[in-house]
Every structure is written in structure tokens, then in C-alpha cells.
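Structure first, then comments.
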Amino acid sequence: MDVTKIKRSLNPNHIMAWSFSISLFFIAALSVVVYFMIEHTVDKQSESSKYINISGQQRMLSQRVVLLTLEYKLRKSAEVKKQALDSLLILKKKHMFLLSNHALAISKGLPSPLSASLYNLYFSEPHNISEKVPKFVSLVGDDWQSNDANDNVSNVKLEMASLDFAKNELLIAFDTAVSQYEYESTTEIKNLLAVQKAILLLIVLVVLMEGVFIIKPLLAKSEKFAEVLQKEANVDYLTGLLNRRSFEILSTQAIALSQRYESELSILYIDIDNFKSYNDKYGHKKGDSVIQLVSAVVKKNARHSDSVFRFGGEEFVVLLPKTSDQEAVQLAEKISMKVSEATSDRQKFDECITISCGVSSYIHQEKGPEAVLKRADDALYQAKNSGRNKVILFSS
């Protein structure tokens with residue numbers, strides 16, 4: 001197993017960084033869209049309110065001009081005449097303002113920004129506001145000329161014509177325009193709000209999907225990654241055996257059980273004979289093959305309750321719960337024979353490999369594994385010094 005590749009592929013930090021970056025970018029992009037839509041909605045509402053207000057003012061100004069004209073007839077006041085003319089001028093300016101965007105677009109050869117309904121209101125019958133406003137201005141202008149000329153007959157006719165026109169045709173046209181502006185404003189704002197709600201719901205959905213499809217899998221990957229790290233911390237990468245760190249934990253547990261149940265506990269300390277010279281002579285690749293073979297033989301001949309450790313280099317330790325020193329010696333001799341048999345094939349191994357082994361048993365008065373491990377190591381030293389390929393039981 002290539003732990004480095006697994007760590008790279010499973011590392012939740014990398015996955016989390018990319019996943020959250022993408023999801024947060026998406027949420028941020030949607031949030032920006034919502035912000036600009038809200039801003040656009042506010043601007044649109046403000047613009048619509050202005051058009052509705054101006055259209056409403058036109059309606060009021062048309063009636064004001066007629067009333068001031070009638071008042072001037074009675075009072076002949078210059079101030080009243082000025083107010084009427086000012087109101088008429090404002091009416092014309094506001095009419096031009098409402099059609100300014102339309103006029104600009106037409107001058108540039110672009111489509112009119114007016115909706116089809118508003119376009120018909122301004123330029124088609126029965127309302128045709130763009131013609132009715134100049135007609136009203138013309139009627140009032142003729143009315144003023146008649147007032148100034150003091151022609152009572154024509155004056156009365158013009159007054160009645162302008163009053164009737166202002167009360168019926170123009171007022172109805174302005175009322176319709178106000179209603180249309182209000183309707184289009186309300187409809188557009190409703191549409192914008194609907195889109196905003198849809199985007200907000202999409203953001204909520206993205207957050208929920210992030211929890212289901214990103215965070216939950218990441219938690220699972222984190223657990224798996226933790227398992228890989230735990231295994232890497234406790235297992236030797238070359239042989240798959242437990243390492244020295246694991247020995248400290250498992251031997252302490254085995255000693256505690258041995259003390260509690262007053263059971264026997266033994267240790268084998270194994271070393272491959274002449275491994276350094278073999279490794280130097282035939283290369284590290286073959287040296288690794290020897291280590292792997294010895295570890296496989298030891299593991300195969302150990303019980304499920306036993307624990308096999310690689311202590312580094314060519315050294316191995318076997319922890320044997322509920323095992324006497326004599327039983328441990330028998331197991332060590334069996335392992336030694338099996339290793340020699342497994343390496344007797346010269347096509348696979350250039351030399352026959354042997355092992356030396358030291359055996360020791362735990363004494364219940366001892367508090368930790370250090371003493372029993374030291375005795376097994378001393379017995380191994382004796383085996384090496386007495387010619388190798390031997391199993392020695394420690395004796396004081």
C-alpha cells in the first residue's frame with residue numbers, strides 16, 4: 001500500500017479547501033446577483049414612482065390651466081394669467097420629459113423603450129396623448145387670444161371647447177397613462193422580487209447540498225484519513241507488521257492482563273544473521289525481500305493472539321500472551337527452521353538466510369515491558385556471539 005498516495009487522495013484538507021472554495025464562490029456570485037437585483041429594483045421603483053408622479057401632475061396641470069383661464073375671464077388679473085401660462089409651460093415640459101427616452105432612442109435608430117401599451121397610449125387612438133397635449137395647448141392659446149380681444153361669443157365657445165377637452169379626452173388619456181405606469185411598475189417589481197426569491201432559494205439549496213454532498217462525505221473521508229494516519233503511525237510500511245510504537249502500547253496491555261489473571265507472558269527477540277553483509281553484497285532490493293520474507297514467516301507461524309513487531313532494520317519482536325518460556329522456545333525454533341527452508345531456493349535467494357532469537361518471560365513483579373525486553377535482547381546477544389542461527393532462553 002502506498003500510504004503517500006492514499007494521503008494525497010484522501011487528505012480532507014485539500015478536498016475541503018477546493019469544495020468550500022467552489023461552493024462559497026457560487027454562493028458569493030449569487031449574493032452579488034441578488035444585491036444588484038435589489039439595487040436595480042430600488043432604482044426601478046424610484047424611476048417608476050417619478051414617472052407615475054409626473055404623469056399624475058400632468059392630469060392636475062391640465063385642470064389647473066382651465067380653471068386659471070376661467071378665473072382670468074372673471075378677474076382679468078395679470079397674476080392669474082402668469083400662473084396659467086406657467087402651468088401650461090410646465091405641462092409641456094413634463095410631456096417632453098416623459099417622451100425624452102423615446103425621442104432619444106428614435107433619433108439613434110433604436111427601438112422605443114416604451115412598452116407596447118404606453119406606445120399606443122401616446123401615439124395611437126383613442127388616447128394619442130402626443131397629439132392631445134399640443135391640441136390642448138393650442139385651444140388654451142386661442143382662448144387667451146379671445147380673452148385679450150374681448151370677443152364674448154368666440155370667448156365662450158373656446159372656453160367651453162378647452163374645458164370639455166380637458167375634462168374628457170385629455171383627463172381620460174392622462175388617467176389611463178397613470179394607470180398603465182402603475183401597472184407596469186408593479187408588474188416589473190413583482191417579477192424582480194420573484195427572481196430574487198428564486199435566487200435566495202437557490203442559495204439555501206446550495207447550502208443544503210453543500211451539507212449533504214460536501215460536508216458529510218468530507219466527514220467520512222476525514223475518518224478514513226484518520227484511519228490511514230493511525231495505521232501509518234502503528235504499522236511498518238515495508239512489512240505491514242506493527243512497529244515499535246505499537247509495542248509500547250500492546251505490551252503494556254499484555255502485562256496488565258498477565259498481572260490480573262496471573263498468566264504467563266513471553267517475548268521473542270529475533271535478528272536476521274549477517275543481514276548487513278547480505279544487504280551490501282546483493283543490494284537493498286534483495287535485502288528488503290529478505291526482511292519481507294522473514295516477517296511473513298514469523299507472522300504465519302504466530303497465533304492470532306500473538307503480536308508481531310518490526311523493531312527496525314532486521315530486528316523483530318513477538319509478544320506471546322499466555323505462553324511459557326519453553327513454549328516460546330519451541331515457537332522460535334520452528335520459525336528459525338521455516339526461515340531456512342524458505343530461503344533454501346538459490347534461484348530466489350543467493351544465500352540461505354538464518355535467524356538468531358532470544359527468549360525471555362515476564363516476571364509479575366515488574367511494572368513495565370522494559371525488563372523482559374532487555375532480557376530477551378541479552379539472550380539474542382548470546383545467540384549471535386555463540387555462532388548465530390540459534391535460539392537462546394535467557395537465564396540469570
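The numbers here are math on the coordinates, done by the rules we state, and not lab data. This structure is a prediction, so every number in the text was calculated from the model and none was measured. Cβ coordinates were reconstructed from backbone atoms using ideal geometry, including for glycine residues, and neighbour counts include every protein chain displayed.
Check residue 393: other-chain or 5+ apart residues with amide H under 5 Å from its amide H, H built from backbone geometry?
Result for residue 393 returns 359.
What distance in nm separates the simple spin-label points at residue 364 and residue 333, each placed 7 Å from Cα in the Cβ direction?
It works out to 2.8 nm between the two label points.
Distance cut-off 23 Å, Cα to Cα: go down the list 276/322; 93/190; 94/132; 348/374 and report the pairs above it.
Values: 276/322 34 Å; 93/190 31 Å; 94/132 14 Å; 348/374 35 Å.
Pairs exceeding 23 Å: 276/322; 93/190; 348/374.
Using the Karplus curve 6.51 cos²θ - 1.76 cosθ + 1.60 with θ = phi - 60°, work out ³J(HN,Hα) for each residue of the range 74-82 in order, rounded to whole Hz, and write x for Gly and Pro.
7, 9, 6, 8, 5, 5, 5, 4, 5
Based on the Cβ-Cβ distance from residue 259 to residue 324, what FRET efficiency comes out when R0 is 22 Å, to the nearest 0.05? Present the calculation step by step, with values, prior to reporting the outcome.
Numbers: r = 16 Å, r/R0 = 0.75.
With a Förster radius of 22 Å, E is 0.85.
Give me the number: length gained by fully extending residue 79 to residue 216, i.e. 0.36 nm times residue separation minus the C-alpha to C-alpha distance, one decimal in nm.
Values: separation 137, 0.36 × 137 = 49.32 nm, distance 8.04 nm.
In short, 41.3 nm is gained.
In what sequence do 304, 364 fall when counting other Cβ within 10 Å, fewest first? Present the calculation step by step, with values, prior to reporting the outcome.
Numbers: 304 5, 364 11.
By the 10 Å Cβ count, ascending, the order reads 304, 364.
At a Förster radius of 30 Å, what calculated FRET efficiency corresponds to the Cβ-Cβ distance of residue 107 and residue 22, to the nearest 0.05?
Numbers: r = 47 Å, r/R0 = 1.58.
Efficiency for this residue pair is about 0.05.
Need one number: nm distance between label points at residue 249 and residue 197, each 7 Å from Cα along Cα→Cβ, rounded to one decimal.
With each label placed 7 Å out from Cα toward Cβ, I get 5.6 nm.
I need to check one value: relative contact order of the range 244-393, counting alpha carbon pairs closer than 8 Å and at least 6 residues apart, in percent. Don't jump to the answer; show the numbers that get you there.
Working: 248 pairs, mean separation 46.7, N = 150.
Across the range 244-393, relative contact order equals 31 percent.
Residues with amide H under 5 Å of residue 353's amide H, sequence separation 5 or more or different chain, H placed in the peptide plane at 1.01 Å from N; which?
Hits under the 5 Å cutoff: 343.
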